[in-house]
Amino acid sequence: GIAPTLLYRSIPVYQTTGKYTFAVATPAELSAAGTALGVTLDATRGQVAAFALDCAGAFASGVVVAASTADASSSEFYYSGGLPSATAKATDPSGTVAILNVPVGSATMTTTVQSTSAVAATFAVPIRAGTVTEVFLVPTP
């Protein structure tokens, strides 16, 4: 089976573009990914896959993504060249970041433009134990 996955979009439903896809993984695939990154996934916490978008709805590079409830047991990995990186500090052209082992509850996802430190988006999502939360983040007024 697949790992429980929640999908959230900060894009209004009436603005559906149909160009975004999301992935689902098996628990074994998630565990293997965590192991490859040097992280043991905690089943009592949630995993977040976040995608930063620009005003036109394209994936955005140079964006820092934060989950308000992330703590010392959480780990974040920005993608660089299509793979998670332990050293990247902002999104590449894929706009992707994984935040692992996020405490359960409501987390506010915030995107900040790295070059200006301007907050671009905030969006609250629920984090559930043993569940992947995928969230697409577009700039908010």
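Think of each Lys and Arg Cβ as +1 and each Asp and Glu Cβ as -1; about the Cα centre, that makes the dipole of the chain roughly 180 debye.
Shape of the range 85-141 from the C-alpha gyration tensor: oblate (a/c of 1.5 or more and a/b not above b/c, with a ≥ b ≥ c the square roots of its eigenvalues).
Seen through its C-alpha gyration tensor, with square-root eigenvalues sorted a ≥ b ≥ c, the range 38-124 comes out oblate because a/c lies at 1.5 or above while a/b is not bigger than b/c. Between the helical axis of 27-36 and the longest alpha-carbon principal axis of the chain there is an angle of about 80 degrees.
Scoring 128-134, 33-39 by mean Cβ neighbours within 10 Å over their residues and listing the highest first yields 128-134, 33-39. Ignoring ligands, DNA and RNA, what percent of the 1.4 Å accessible area of the chain is carbon and sulfur? About 61 percent, which is the carbon plus sulfur part of the accessible surface. In terms of the mean number of neighbouring beta-carbon atoms within 10 Å, the peptides 69-81, 114-126 order highest first as 69-81, 114-126. For the chain, the solvent-accessible area works out to 51 Å² per residue, with a probe of 1.4 Å and every protein chain left in place.
The values are calculated or read from the model by the stated rules, or taken from the named source; none is laboratory data. Predicted model only: the values in this text are computed from it and were never measured. Glycine also receives a Cβ, built like all others from the backbone with ideal geometry; neighbour counts cover every protein chain displayed. Ligands, DNA and RNA are excluded from the accessible area calculation, which covers all protein heavy atoms including side chains. Shrake-Rupley method; radii C 1.70, N 1.55, O 1.52, S 1.80 Å.
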